[in-house]
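The values are calculated or read from the model by the stated rules, or taken from the named source; none is laboratory data. Everything quoted here is computed from the prediction, not taken from an experiment. Note: ideal-geometry Cβ built from the backbone for every residue, glycine included; neighbour counts use all protein chains shown. Surface accessibility is based on the protein's heavy atoms, side chains included, excluding ligands, DNA and RNA. Shrake-Rupley method; radii C 1.70, N 1.55, O 1.52, S 1.80 Å.
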Amino acid sequence: DRTLVVGAHLDSVIFSPGINDNGSGSATVLEIALQMSRLGIEPKNRIRFAFWGTEELGLLGSKHYVDHLPKDEVRDIAAYLNFDMVGSPNFVRNVYEGPDVTEKVFTDYFATKGIRVEVNSAAVDGHTDHVPFEARGIPAGGLFSGAEGVKTREEAAAFGGEAGAAHDPCYHRACDDLDNLDEKVLNEFSDAAAHATVALANGAP
């Protein structure tokens with residue numbers, strides 16, 4: 001009787017192929033759906049996979065969806081997971097700061113794998129599709145590998161990469177193509193996303 005919504009935005013900005021922003025998140029969500037079907041995984045609760053339009057113009061797709069949800073459907077949504085930019089070449093490993101129901105499922109998973117992450121409230125503050133869900137009181141979480149922000153020395157010490165350079169030097173640029181991905185972090189984040197999806201759909205924590 002509960003629903004987990006898992007989403008990513010499909011659109012990019014003009015002149016950018018949008019492979020990291022946000023082909024990486026869209027492909028992650030699609031692959032989870034495909035593999036769950038292939039493996040015959042049937043969780044206790046529903047999963048609704050969502051692919052948003054016009055995120056870059058002000059979260060218009062996700063906002064329209066949430067604004068038109070009846071109140072009883074809002075109550076039925078246990079959580080929303082968002083994946084936006086999960087393969088940045090000069091990456092950080094950020095978990096959205098949020099309610100325990102979403103934050104803990106990620107931090108516990110990474111701890112069991114010995115992978116260092118940072119819980120960050122400002123990483124995507126107000127700029128991606130979890131925001132309309134939070135505005136309706138729905139617990140929201142997700143993963144983020146960085147955009148135009150500059151990597152600090154502390155982040156380089158924690159995650160590797162180049163301090164003083166952007167997390168994604170091709171953010172909103174024509175060079176955001178297939179060469180603009182770090183496959184290591186994309187694989188780590190997609191595994192974590194799949195784990196969190198199944199765990200939360202089965203009622204975790």
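One residue is enough: does the stretch 58-68 have a residue meeting the conditions within 14 Å of the chain's Cα centre (by Cα) and open to solvent by 20 Å² or more (accessible area, probe 1.4 Å)? No, the conditions are met nowhere in the stretch 58-68. Residue count for the stretch 109-123 satisfying the condition of being assigned to a helix (DSSP H, G or I) and either at pLDDT below 95 or open to solvent by 70 Å² or more (accessible area, probe 1.4 Å) (or both): 3.
Scanning the stretch 17-30 for residues that are over 14 Å from L181 (Cβ atoms) and either part of a loop (DSSP other than H, G, I, E, B) or touching a residue at least 60 places away in the same chain (Cβ under 8 Å) (or both) yields a count of 1.
Being free of Cβ contacts under 8 Å to residues at least 60 places away in the same chain and not small (G, A, S) holds for only one residue in E188, E162, E118, E155, and it is E118.
Restricting the search to the stretch 168-205, which residues are part of a loop (DSSP other than H, G, I, E, B) and among the small types (G, A, S)?
Selection gives A174, G203, A204.
Report, by residue number, each residue of the stretch 39-61 that is under 11 Å from L10 (Cα atoms) and of a type in the set (D, E, K, R). Selection gives E55, E56.
Taking the listed residues A33, A8, A50, A78, the one that is free of Cβ contacts under 8 Å to residues at least 40 places away in the same chain and in contact with a strand residue (DSSP E or B) (Cβ under 6 Å, 6 or more places away or on another chain) is A33, with no other qualifying. Looking at the stretch 69-84, which of the residues that are of a type outside the set (A, V, I, L, M) and under 14 Å from V5 (Cα atoms) is most open to solvent (accessible area, probe 1.4 Å)? The selected residue is R75.
Annotation: K44 fulfils all but one of (1) part of a loop (DSSP other than H, G, I, E, B); (2) open to solvent by 50 Å² or more (accessible area, probe 1.4 Å); (3) within 15 Å of G142 (Cβ to Cβ); the unmet one is (3).
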